[in-house]
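Undergrad: My questions will all concern the structure given below.
The values are calculated or read from the model by the stated rules, or taken from the named source; none is laboratory data. Please read these numbers as outputs of a predicted model, since none were measured by experiment. As a convention, Cβ positions derive from the backbone with ideal geometry for all residues, glycine included, and neighbour counts pool all protein chains shown.
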Amino acid sequence: MTNHLFDGLFGKMYASRDLAVLPYGESWSYGKALDFSGQLANWLVDSGVKPGDRVAVQVPKSLEAALLYVACVRAGAVFLPLNTAYTAAEVSYFVGDSGARLLVCNPKDQDAYQEMAQSLACRLETLGTTGDDGWASGTVVAAAREAETAFANVDRSAEDLAAILYTSGTTGRSKGAMLSHDNLLSNAQALVDLWQFSDQDVLLHALPIFHTHGLFVAINVTLLSGASMIFLPAFKVDDMIAHLPQATTMMGVPTFYTRLLDDDRFTRELVTHMRLFVSGSAPLLAETHVQFEERTGHRVLERYGMTETNMNTSNPYDGERRAGTVGFPLPGTKVRVCDPDSGAECAAEAVGMIEVTGPNVFAGYWNMPEKTASEFKADGYFITGDLGKIDADGYLHIVGRSKDLIISGGLNIYPKEIELVLDEQEGVLESAVIGVPHPDFGEAVVAVLVASGEGLDQDAVGEAIRPHLARFKHPKHIEVVKELPRNTMGKVQKNVLRDQLAGLFAS
Ligand code: AMP
């Protein structure tokens, strides 16, 4: 029997080595984790889950929840993690759309979800944690503990589906990205090689596990290299400071880095022994990069990926990690930048649509053949929806999502270009530039600023940026806010800002 992803991930594991150390004083060896994943897989089969069935999971972070992913792989099921912030109505859509056979939810949501699960002919079970201490609870854990640890893995090939991850869907309905066994395994292999992970590594894991970053990048890389992780339920600065001394590597979203830098206890001495800091899921400000190096002596390694493609590019491990860029294509992955209108490949430095192909790229959107077809080019490249450029040295720069492109008076304006200038100004901590409907121009450039201290003078900022930008790029309005709206992965939600400021120029 071969199970492509499981055989690949667990090829190097040592039964007695720690897979995970939990903050409340428990550690799980690889052997124990494997046994429990076997119990969970037996329980899945006993619960009627057949190969190919979708298992939807919306639960608080726990090691047991991570092992439910492993159990689904072993049982040939399709793991479908859901953001813990989704409401009952949203969960109902995902369960209905995917046709999930089983929904595992937080015990506190059981009553609210019962009727919906029944109407969708979906079995409902629970997996939670007991308060802040993080011990697992719920019907799944109780039942699995009674099951056999030995489990004969279900045969799965490289092309079989391992997971469906719904995209965050800031415009329109979320789409279910279908990820195959080899999409996940090949990407983990590329990252382990590139980032030089080994069984000597201890990864500080504070990311959520319903998203590709914390689930696949972090956990698959750990399993494949035989490394350990310190598995924290969430990102809290105090916990990070307490556990960094035992770690060798950390993966984070940019807000992890800015929050650590905001704390005086985050010192060079605390992290001298660290081998690698990785950032992704949202742009790391060049300023954060510089501050981080000044404080710690480490250069953050920034990489670029998305739900549909796993990781696409990374700054080099050994070569120059260039701030404001996401580096080079991973081995086996090809990246190009094309003119969105003509489709022709752009010259170096020219901005266009980022397109990727490789073993990392997903198999399509669940139940959406037309949408899938429209997002792939005839030669197999996936159109990411991100705009970017490749510089003369081959580094990829991301300038933003294409849907955030501003067209004012018929001219294309890339928000990132204006944000970079704004971020340099006195008193500006960070910025987001959006297009807002305007009676004359179609859209007008609006800058939303967060001040770094008291008394930000927005007129002065408006004046100061004039010499740096062509006139049509000058913001027609500058708004100062306390903080930018972000989702759980630290991405600025420009759609929220656009909605809030939509009436600004209404006549
Ligand atoms: P998600 O599917 O939620 O992982 O979001 C993927 C999107 O996040 C990409 O299409 C990019 O727009 C953005 N993203 C991911 N990594 C980076 C990065 N290092 N810099 C800038 N944007 C990023």
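Undergrad: Within the stretch 399-408, can you find the residues that are within 16 Å of the ligand (Cβ to nearest atom), surrounded by fewer than 20 Cβ atoms within 10 Å (Cβ to Cβ) and part of a strand (DSSP E or B)?
TA: Passing the criteria: only 401.
Undergrad: So, in the stretch 384-398, of the ones that are β-branched (Val, Ile, Thr) and within 11 Å of the ligand (Cβ to nearest atom), which residue ends up surrounded by the most Cβ atoms within 10 Å (Cβ to Cβ)?
TA: First pass over the stretch 384-398, keeping only residues β-branched (Val, Ile, Thr): 384, 390, 398.
Checking the rest, the ones that are also within 11 Å of the ligand (Cβ to nearest atom) come to 384, 398.
Details: 384: 23, 398: 20.
Here the residue is 384.
Undergrad: Working only within the stretch 204-259, note down all residues that are β-branched (Val, Ile, Thr), over 27 Å from residue 178 (Cβ atoms) and assigned to a helix (DSSP H, G or I). Don't jump to the end; show me each part of the working.
TA: The first filter runs over the stretch 204-259 and keeps only residues β-branched (Val, Ile, Thr), leaving 209, 212, 217, 219, 221-222, 230, 237, 241, 248-249, 253, 255, 258.
From the residues that got through so far, the ones that are over 27 Å from residue 178 (Cβ atoms) too are 230, 237, 241, 248-249, 255, 258.
237, 241, 255, 258, listed by residue number.
Undergrad: Out of 437, 475, I need the residue that is more than 16 Å from the ligand (Cβ to nearest atom), closer than 27 Å to residue 502 by Cβ and assigned to a loop (DSSP other than H, G, I, E, B). Which one?
TA: Values: 437 fails: assigned to a loop (DSSP other than H, G, I, E, B).
None of the other options fit; the residue is 475.
Undergrad: Filter the stretch 255-298 down to the residues that are β-branched (Val, Ile, Thr) and within 20 Å of residue 419 (Cβ to Cβ) and list them by number. It would help to see each step written out before you state the result.
TA: Residues of the stretch 255-298 β-branched (Val, Ile, Thr): 255, 258, 267, 271-272, 278, 288, 290, 296.
Matches in the stretch 255-298: 255, 258, 288, 290.
One line per residue, one yes/no per condition, for (1) touching a residue at least 24 places away in the same chain (Cβ under 8 Å); (2) over 23 Å from residue 20 (Cα atoms); (3) not hydroxyl-bearing (Ser, Thr, Tyr):
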{"residue": "153", "(1), (2), (3)": "yes, no, yes"}
{"residue": "156", "(1), (2), (3)": "yes, yes, yes"}
{"residue": "163", "(1), (2), (3)": "yes, no, yes"}
{"residue": "174", "(1), (2), (3)": "yes, yes, no"}
{"residue": "185", "(1), (2), (3)": "yes, no, yes"}
{"residue": "203", "(1), (2), (3)": "yes, no, yes"}
{"residue": "212", "(1), (2), (3)": "yes, no, no"}
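Undergrad: Mind checking which residues of the stretch 350-381 are within 11 Å of the ligand (Cβ to nearest atom) and either over 21 Å from residue 414 (Cβ atoms) or part of a loop (DSSP other than H, G, I, E, B) (or both)?
TA: 362 - this is the single residue of the stretch 350-381 that is within 11 Å of the ligand (Cβ to nearest atom) and either over 21 Å from residue 414 (Cβ atoms) or part of a loop (DSSP other than H, G, I, E, B) (or both).
Undergrad: With the condition kept exactly as written, say whether any residue in the stretch 409-431 is among the charged types (D, E, K, R), in a loop (DSSP other than H, G, I, E, B) and more than 30 Å from residue 182 (Cα to Cα). Quick ask: steps written out before the conclusion?
TA: Residues of the stretch 409-431 that are among the charged types (D, E, K, R), as a first pass: 416-417, 419, 423-424, 426, 430.
After this cut, where a residue has to be in a loop (DSSP other than H, G, I, E, B) as well, the list is 424, 426.
Narrowing the set further to residues that are more than 30 Å from residue 182 (Cα to Cα) leaves 424, 426.
For the stretch 409-431, residues among the charged types (D, E, K, R), in a loop (DSSP other than H, G, I, E, B) and more than 30 Å from residue 182 (Cα to Cα): present.
Undergrad: Looking at this structure, is residue 326 under 24 Å from residue 403 (Cβ atoms), in contact (Cβ under 8 Å) with a residue 12 or more places away in the chain, within 15 Å of the ligand (Cβ to nearest atom) and not polar (S, T, N, Q)? I'd like the intermediate steps shown before the answer.
TA: Numbers: under 24 Å from residue 403 (Cβ atoms): yes; in contact (Cβ under 8 Å) with a residue 12 or more places away in the chain: yes; within 15 Å of the ligand (Cβ to nearest atom): yes; not polar (S, T, N, Q): yes.
Considered against the rule, which asks whether it is under 24 Å from residue 403 (Cβ atoms), in contact (Cβ under 8 Å) with a residue 12 or more places away in the chain, within 15 Å of the ligand (Cβ to nearest atom) and not polar (S, T, N, Q), residue 326 comes out as yes.
Undergrad: Continuing with the same structure: Only residues in the stretch 9-28 that are farther than 19 Å from residue 193 by Cα count as the first member; pair them with residues that are part of a loop (DSSP other than H, G, I, E, B) and aliphatic (A, V, I, L, M), Cβ under 7 angstrom, at least 6 apart or cross-chain, and list the lot.
TA: Sorted first by the residue in the stretch 9-28, then by its partner, the pairs are 23/232.
Undergrad: Restricting the search to the stretch 281-313, which residues are at pLDDT below 95, within 9 Å of the ligand (Cβ to nearest atom) and on the phi < 0 side of the Ramachandran plot?
TA: 282, 283, 284
Undergrad: Which residues, counting only those in the stretch 305-349, are of a type in the set (Val, Ile, Thr) and not in a loop (DSSP other than H, G, I, E, B)? Walk me through it before giving the result.
TA: So the first thing to find is which residues in the stretch 305-349 are of a type in the set (Val, Ile, Thr), and the list is 307, 309, 313, 325-326, 333, 335, 337.
If the condition is that a residue be of a type in the set (Val, Ile, Thr) and not in a loop (DSSP other than H, G, I, E, B), then 313, 335, 337 are the ones that fit.
Undergrad: Give me a count of the residues in the stretch 316-349 that are in contact with a helix residue (DSSP H, G or I) (Cβ under 9 Å, 6 or more places away or on another chain), of a type outside the set (Gly, Ala, Ser) and within 25 Å of residue 378 (Cα to Cα).
TA: The number of residues fulfilling the criteria is 4.
Undergrad: Being within 16 Å of the ligand (Cβ to nearest atom) and either surrounded by fewer than 20 Cβ atoms within 10 Å (Cβ to Cβ) or at negative phi (or both), is that true of even one residue in the stretch 150-163? Break it down stepwise before answering.
TA: Residues of the stretch 150-163 that are within 16 Å of the ligand (Cβ to nearest atom), as a first pass: 163.
Next cut, either surrounded by fewer than 20 Cβ atoms within 10 Å (Cβ to Cβ) or at negative phi (or both) only: 163.
Checked against the condition, which is being within 16 Å of the ligand (Cβ to nearest atom) and either surrounded by fewer than 20 Cβ atoms within 10 Å (Cβ to Cβ) or at negative phi (or both), the stretch 150-163 yields at least one hit.
Undergrad: Looking at the stretch 478-507, which of its residues are within 16 Å of the ligand (Cβ to nearest atom), of a type outside the set (A, V, I, L, M, F, W, C) and part of a loop (DSSP other than H, G, I, E, B)?
TA: Selection gives 485, 487, 488, 490, 491, 493.
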